[in-house]
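Colleague: First, the structure itself, so that you have it in front of you.
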Amino acid sequence: MNRSPFARGDFLSGATLTGLGVYIILEARGWDYATPDGPGPGFFPLWYGIAMVILSIVLVASTLARPAPAGEDTGINWREVGNALMAWVALAGCIGLLKLLGFAVSFALLAIFVVAFIYRRPIKTALLVGCIGSLGFHLVFAQALNVNLPVGVLGF
């Protein structure tokens, strides 16, 4: 039994993201697009919102253009839903730990959790990804771009 393309996940997520993109664009219009020093606080959100709307419309259009494959599973994959919710909870936990542990440790813990528990990779792989990712962010943002990342009680 083929479902309507309007009931498929790609259509629903694309429509939702289109609405979010429009909201971001409308909010960004209230901020300065450019300042005498360069791009203003509205520059990035405006272009992010525009990109989000365009890509979401492409997702919706491509979903409507292709028929549902024969034998498509119409049930909800609760494992995937659980993984998505775990990722959101882990991100919220990472944000909550930023002031206490700092960006480097919080980001490393987030990456380790995602790799080990959501993607079910070996803990050695998760530790490697977490440490290299955190070091990479530090080198690019703190060192190369001179951006102050949150520092925790451990000093990094």
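The values are calculated or read from the model by the stated rules, or taken from the named source; none is laboratory data. Worth saying up front: this structure is predicted, and the values here are computed from it rather than measured. Note: ideal-geometry Cβ built from the backbone for every residue, glycine included; neighbour counts use all protein chains shown.
Colleague: Take the conditions at pLDDT 95 or above, outside the structural domain of residue 18 (by TED's automatic domain parsing), within 29 Å of residue 20 (Cα to Cα) and not small (Gly, Ala, Ser) and apply them to residue 113. Does it pass?
Modeller: Answer is yes for this residue.
Colleague: Criterion first (part of a loop (DSSP other than H, G, I, E, B) and in contact with a helix residue (DSSP H, G or I) (Cβ under 7 Å, 6 or more places away or on another chain)) does residue 154 satisfy it?
Modeller: yes
Colleague: Tell me which residues, restricted to the range 1-23, are of a type in the set (Gly, Ala, Ser) and either out of contact with any Gly (no Cβ under 8 Å at 6 or more places or on another chain) or at pLDDT below 85 (or both).
Modeller: 4, 7, 9, 13, 14, 15, 19
Colleague: Please enumerate the residues belonging to the range 119-145 that are aliphatic (A, V, I, L, M), in contact with a helix residue (DSSP H, G or I) (Cβ under 7 Å, 6 or more places away or on another chain) and buried (at least 16 other Cβ atoms within 10 Å of the Cβ).
Modeller: Within the range 119-145, 126, 129 qualify.
Colleague: Return the residue satisfying two criteria in turn: it lies in the range 56-90 and is assigned to a helix (DSSP H, G or I), of a type outside the set (Val, Ile, Thr) and surrounded by 14 or more Cβ atoms within 10 Å (Cβ to Cβ), and of such residues it is modelled with the lowest pLDDT.
Modeller: The qualifying residue modelled with the lowest pLDDT is 64.
Colleague: So which residues in the range 12-47 are exposed (fewer than 15 other Cβ atoms within 10 Å of the Cβ), closer than 30 Å to residue 76 by Cβ and not hydrophobic (A, V, I, L, M, F, W, C), if there are any at all?
Modeller: 13, 16, 19, 23
Colleague: Here is a follow-up. Just to be sure, is residue 51 among the hydrophobic types (A, V, I, L, M, F, W, C) and modelled with pLDDT of 90 or more?
Modeller: Yes; evaluated as a whole, the condition is true for this residue.
Colleague: Within the range 98-114, can one find any residue that is surrounded by 15 or more Cβ atoms within 10 Å (Cβ to Cβ), in contact with a strand residue (DSSP E or B) (Cβ under 8 Å, 6 or more places away or on another chain) and in a helix (DSSP H, G or I)?
Modeller: Yes; the residues of the range 98-114 include at least one that is surrounded by 15 or more Cβ atoms within 10 Å (Cβ to Cβ), in contact with a strand residue (DSSP E or B) (Cβ under 8 Å, 6 or more places away or on another chain) and in a helix (DSSP H, G or I).
Colleague: In addition: Determine whether residue 128 is in the same structural domain as residue 89 (by TED's automatic domain parsing) and either under 19 Å from the mean Cα position of the chain (by Cα) or outside any loop (DSSP other than H, G, I, E, B) (or both).
Modeller: yes
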